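To start, the structure itself, in C-alpha cells.
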Amino acid sequence: MKLIRLPAVLGYTGYGRSMIYKLIKEGNFPKPVQLGTRAVAWVDEEVEAWVQGRVALSRPNPFRGAIFGKAQQPTHNLMREGGREPLPVMTVANRKSKR
C-alpha cells in the first residue's frame, strides 16, 4: 500500500485542490489519511479505483469487459421500446454494404 500526497492526487485526477476537497465533502472521493497535525495523504489504490470508476462511467460500451478481462454490465437498455424483444445485433453477416 502506498500513500500519495495532494500534488500527486491533483496530477493523477486532473482536478484542483478545491475540487478534490469538495468531492470529499460530498462523499464522492476517497478520504485522506491523517499523517500528522497538518499533513494528509491518500491511499494510492483508492484514488486509482476512483479514477477507473470515472473512466468506466464515461464509456458505456457493453463489450468493454471482453477487452479488459472483466465482466461488465451494459449501462444502456438493449430492448425495444416496451421491453418485449431485444434490438437486433449488428454482425458482419447481416451488415449491408454501403458501396
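The values are calculated or read from the model by the stated rules, or taken from the named source; none is laboratory data. Worth saying up front: this structure is predicted, and the values here are computed from it rather than measured. Every residue, glycine as well, gets a Cβ built from its backbone with ideal geometry; the counts of neighbours run over all protein chains shown.
A few notes on this one:
- Residue in region 33-72 that is modelled with the highest pLDDT, counting only those that are in contact with a Pro (Cβ under 8 Å, 6 or more places away or on another chain) and over 22 Å from Gly11 (Cβ atoms): Pro60
- When region 28-48 is filtered for residues that are in a loop (DSSP other than H, G, I, E, B) and either surrounded by 14 or more Cβ atoms within 10 Å (Cβ to Cβ) or hydroxyl-bearing (Ser, Thr, Tyr) (or both), the ones remaining, listed by number, are Phe29, Pro30, Pro32, Thr37.
- Selection within region 1-27 - outside any helix (DSSP H, G or I) and of a type outside the set (D, E, K, R): Met1, Leu3, Ile4, Gly14, Tyr15, Gly16, Gly27
- Of all residue pairs spaced 6 or more apart or on separate chains, those with beta-carbon atoms under 6 Å, a first member in region 25-41 that is under 21 Å from Leu57 (Cα atoms) and a second member that is among the acidic types (Asp, Glu) and surrounded by 10 or more Cβ atoms within 10 Å (Cβ to Cβ) are Pro30/Glu46.
- For Leu6: the one exception among (1) of a type outside the set (Phe, Trp, Tyr); (2) at pLDDT 95 or above; (3) in contact with an Asp or Glu (Cβ under 7 Å, 6 or more places away or on another chain): (3)
- For region 9-23, a residue qualifies if it is of a type in the set (Val, Ile, Thr) and modelled with pLDDT under 95, and exactly one does: Thr13.
- Filtered residues of region 18-27 (kept if under 20 Å from the mean Cα position of the chain (by Cα) and surrounded by fewer than 12 Cβ atoms within 10 Å (Cβ to Cβ)): Lys25, Glu26, Gly27
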